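To start, the structure under review is shown below, and the notes come after it.
The values are calculated or read from the model by the stated rules, or taken from the named source; none is laboratory data. Keep in mind that this is a model prediction, so the values were computed, not measured. Every residue, glycine as well, gets a Cβ built from its backbone with ideal geometry; the counts of neighbours run over all protein chains shown. To get the accessible areas, we keep the full protein, side chains included, count just its heavy atoms, and leave off ligands, DNA and RNA. Shrake-Rupley method; radii C 1.70, N 1.55, O 1.52, S 1.80 Å.
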Amino acid sequence: MTEKKILFVVNAPEFFLSHRLPIAIAARDAGYEVHVATADGGAVREIRRLGLVHHTVAIARSGQNPFAELGSIVSLYRLFRALKPDLLHLITIKPVLYGGIAARLAGVPATVAAVSGLGTVFIAQSAAAKVRRVLVSGLYRLAFSQRRLAVIFQNPDDRDGLLAIGALGNDQVRMIRGSGVNLADYPFLPEPEGRPVVAMAARLLRDKGVYEFVEAARLLKSRGVAVVMRLIGALDPGNPTSIEQAELDAWLAEGFVELPGYRSDIARQYTAANIVCLPSYYGEGLPKTLVEAAACGRAVVTTNHPGCRDAIEPEITGILVPAKKASALADALQALIEEPQRRMRMGKAGRELAERAFSIDRIVEQHLAIYKELLEDA
């Protein structure tokens, strides 16, 4: 019997490496022939170095030019027709929508769609957003109109949102809490001594709560709270909600927040911190940064927002605050700064949560079970 062929489709090669690589490697080790399709980029070389077959497709992470978007569907359709995969694993919004439509047209036997957040279109309330929501809802219904389909959700809000618009049935829903974390790479070490450090690691976007983090830092400084506020991440010039360089320069000049820029050593950054903060109101699935914080045994302060609230156990592993409320964020951070025993109890509980729910071994096992289920029915 020939090997079953699985094709992962994701817009950015970097995202594939950071969020789905262990699943692809496990699938290959289980006997599947694994292919990966992404847009071009520097990380493609690493995908090939790891022995995975890579295909370049015309799919942009951002942009809404209708001709370019139609071109993405055509590019995916041609690849599916030529490669004839037995199963597709579609990851992130555009691959899910466009890949689902192309899969239906190309007659792909089985599809797994990973919905890691619905993005801002299902949250924004402007007139333009409501029009886009109608369009995107129609695209989801079209993309999911397949006979052999499993849709993986990371939080119940996203699941309920797509069930409500009739995009899929309950029998097609699968729940997996995040992308997993290799616990060995994120050790649970004692908190550092000295002035408490609050770390936020994210793309520097407004929707990630960067302004609220900075304003909370201002408030804590004005209250005389001894704390280091560390904002880790890079600008994202291609994103319309990206922070501007001039703003970073101004914050650096004010001196109440540290800006180390993009860092790949997140485990080290978190073990060098006492608290991890993510005041996001972005369309998150289940933020990987909060999973990593739990693995490192750090108390979390995050928003009562879909995805974020699903990554913690409120008042056990962290604290939830309202989105877009810098004063509430500052209050929660100050409470944990001033109550180290409570903070450390939350960190210990976070590590236990990571071992129970977020281990990469558990996440991989759940994915392979879905592949086996769909391919046995094919």
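Would you mind getting the Kirkwood hydrodynamic radius of the stretch 306-378 from its Cα pairs, rounded to one decimal in Å?
Mean inverse Cα-Cα distance, inverted, gives 14.8 Å.
Please go through the stretch 128-236 and write out the GluC sites (Glu not before Pro) that DSSP classes as loop and that have at most 10 other C-beta atoms within 10 Å.
Details: sites: E193, E212, E215; in loops: E193.
Answer in residue order: E193.
If I compute solvent accessible area with a 1.4 Å probe over the protein chains, what percent of it on the stretch 13-85 is carbon and sulfur?
Summing carbon and sulfur atoms, their accessible area is 57 percent of the total for the stretch 13-85.
Quick one: net charge around I316, please, counting Lys, Arg +1 and Asp, Glu -1 for every other residue with C-beta under 14 Å from its C-beta.
+4
What list of ³J(HN,Hα) couplings, whole Hz, do you get for the stretch 144-157 from phi and the Karplus terms 6.51, -1.76, 1.60, once you set θ to phi - 60° and write x for glycine and proline?
Using θ = phi - 60°, the values come out as 9, 8, 10, 6, 10, 9, 10, 10, 8, 10, 9, 8, x, 5 Hz.
Go ahead and run the numbers for FRET between R218 and Y262, Cβ-Cβ distance against an R0 of 35 Å, rounding to 0.05.
Approximately 0.90, to the nearest 0.05.
According to the Kirkwood expression over distinct Cα-Cα pairs, how big is the hydrodynamic radius of the stretch 182-242, in Å? Mind showing how you got there, number by number?
Details: mean 1/r = 0.0734 Å⁻¹.
One over the average 1/r among Cα pairs gives 13.6 Å for the stretch 182-242.
At 20 °C and 1.002 mPa s, what whole-number value in µm²/s does Stokes-Einstein give for the translational diffusion of the stretch 237-378, with Rh from the Kirkwood sum over Cα pairs?
For these conditions, the coefficient is 127 µm²/s.
So, for the stretch 18-80, what is the accessible surface per residue at a probe of 1.4 Å, expressed in square angstrom?
52 Å²
Taking the Cβ of Q341 as the center, what net charge do the other residues with Cβ under 14 Å away carry, scoring Lys and Arg +1 and Asp and Glu -1?
Values: positive: R342, R343, R345, K348; negative: E191, E338, E339.
So the environment of Q341 carries a net charge of +1.
Going 7 Å from the Cα of R141 in the Cα-to-Cβ direction, what parts of the stretch 82-99 have a backbone nitrogen less than 18 Å from that spot?
97-98
Taking H as built 1.01 Å from N, whose amide H comes closer than 5 Å to the amide H of M175, not counting residues under 5 places away?
Amide H neighbours of M175: F153.
Counting each pair of different Cα atoms once, what's the Kirkwood radius of the chain in Å, rounded to one decimal? Display every interim value, and only then the final one.
Working: mean 1/r = 0.0465 Å⁻¹.
The answer is 21.5 Å.
I'd like the carbon and sulfur percentage of the solvent accessible area for the stretch 257-350, probe radius 1.4 Å, heavy atoms only, ligands and nucleic acids excluded.
Solvent-exposed carbon and sulfur of the stretch 257-350 make up 49 percent of the total.
Could you tally the net charge around I232, taking each other residue with its Cβ under 13 Å from the Cβ of I232, Lys/Arg +1 and Asp/Glu -1?
+2
Over 30 Å between C-alpha atoms is what I'm after, so list which of K84/K208; K5/K130; K130/K324 land there.
Table pairs above 30 Å Cα-Cα are K84/K208; K5/K130.
Which whole-number value in Å² is the accessible area per residue of the stretch 166-258, probe 1.4 Å? Working shown, then result.
Details: 4330 Å² over 93 residues.
So the stretch 166-258 comes to 47 Å² accessible per residue, rounded to a whole number.
Once you sort the root eigenvalues of the Cα gyration tensor of the stretch 1-115 as a ≥ b ≥ c, which label holds: rounded (a/c under 1.5), prolate (a/b larger than b/c) or oblate (the other case)?
Numbers: a/c = 1.83, a/b = 1.23, b/c = 1.49.
Oblate.
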